[in-house]
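The values are calculated or read from the model by the stated rules, or taken from the named source; none is laboratory data. On a predicted model such as this, the values are computed, not experimentally measured, just so you know. Reconstructed Cβ throughout: ideal geometry from the backbone, glycine too, with neighbour counts over all protein chains shown.
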Amino acid sequence: MTTPVVVAIDGPAGSGKSSVSKAVAIALGYDYLDTGAAYRAVAWHVQSQGVDANDADAVRSAVRDLDLTFTPDAEKFAVHVGATDVTEAIRTPAVTALVSAVSRVPEVREFLNQRFRQCMAETRRPGIVVEGRDITTVVAPDAAARILLTADESVRMERRGLEVPPQSRDELTRLVRDRDVADARVSDFMTAADGVMTIDSTNLTFDQTVDVVVSHTRSATT
């Protein structure tokens, strides 16, 4: 059996990694995995169980037997906790507020990294695009293509503003910066590791960014 190609994409909030990764997966005929959605699913589970997200021991217990599954399709990606489809529920502000807290628990990261690797190994397509934080260094350090997708902060704020409900620019800036600071406590997603290609999309259109990633992936796998 041929080993599937893994495309690992890291990047900060608003860098466009989710939308670009989906488009790249579709262009290449690959599966797609949003690792951030998995952390959100853990946060949703913690919330639904009435667990204090800041109580590391309680979070560890909550995820010990968590049944978390993915539908790794770029056009209909879904996340299930048990039999419950939480794909939409994990995007609420209440869940978002808990993500950084649960992600700081080492056992949560270990559990999810194992699930990510299992999903990568089990893909039925020629490859899979995996995006999030620590993908190029921890989750898939041996990926065929490893990319850090970034952009100037002002551009990231603007792009992020198109994805969230209307709010003041100052509030949006604070939310994105706070998330980056919180996530940076457990992940270095702003600096490319050795062997990782940095793609700065500040002056690129969406389609141009997708083309660069696709081209790089094809070059790295031929």
Out of the residues in the stretch 87-104 that are among the β-branched types (Val, Ile, Thr) and part of a helix (DSSP H, G or I), state the one that is surrounded by the fewest Cβ atoms within 10 Å (Cβ to Cβ). Thr96
Restricting attention to the stretch 129-137, does a residue exist that is outside any strand (DSSP E or B), touching a helix residue (DSSP H, G or I) at 6+ places or on another chain (Cβ under 7 Å) and either modelled with pLDDT of 95 or more or on the phi < 0 side of the Ramachandran plot (or both)? yes
Could you grab me the full set of residues in the stretch 105-148 that are surrounded by 20 or more Cβ atoms within 10 Å (Cβ to Cβ), of a type in the set (A, V, I, L, M) and either within 17 Å of Pro4 (Cβ to Cβ) or in the same structural domain as Val210 (by TED's automatic domain parsing) (or both)? Met120, Ile128, Val129, Val130, Ile135, Val139, Ala140, Ala143, Ala145, Ile147, Leu148
Taking the stretch 47-61 and keeping residues under 15 Å from Ile90 (Cβ atoms) and among the aliphatic types (A, V, I, L, M) leaves Ala53
Being surrounded by 14 or more Cβ atoms within 10 Å (Cβ to Cβ) and either touching a Ser or Thr at 6+ places or on another chain (Cβ under 6 Å) or within 29 Å of Thr198 (Cβ to Cβ) (or both), is that true of even one residue in the stretch 58-72? yes
Condition (residue is under 16 Å from Ile135 (Cβ atoms), assigned by TED's automatic domain parsing to the domain that holds Thr137 and at pLDDT 95 or above) applied to the stretch 62-72: is it met by at least one residue? no
Which of the residues spanning the stretch 1-24 are part of a helix (DSSP H, G or I) and either modelled with pLDDT under 95 or under 12 Å from the mean Cα position of the chain (by Cα) (or both)? Lys17, Ser18, Ser19, Val20, Ser21, Lys22
Within the stretch 25-51, of all residues that are outside any helix (DSSP H, G or I) and among the small types (Gly, Ala, Ser), the one farthest from Val102 (Cα to Cα) is Gly29
Working only within the stretch 195-216, note down all residues that are of a type outside the set (A, V, I, L, M), touching a residue at least 24 places away in the same chain (Cβ under 8 Å) and part of a loop (DSSP other than H, G, I, E, B). Gly195, Ser201, Thr202
Yes/no for Leu28 being closer than 21 Å to Val138 by Cα and modelled with pLDDT of 95 or more: no
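Here's the yes/no breakdown for (1) on the phi > 0 side of the Ramachandran plot; (2) more than 17 Å from the chain's Cα centre (by Cα); (3) in contact (Cβ under 8 Å) with a residue 40 or more places away in the chain:
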residue: Leu33; (1), (2), (3): no, no, yes
residue: Val59; (1), (2), (3): no, yes, yes
residue: Val63; (1), (2), (3): no, yes, yes
residue: Glu75; (1), (2), (3): no, no, yes
residue: His80; (1), (2), (3): no, no, no
residue: Glu88; (1), (2), (3): no, no, no
residue: Leu98; (1), (2), (3): no, no, yes
residue: Phe111; (1), (2), (3): no, no, yes
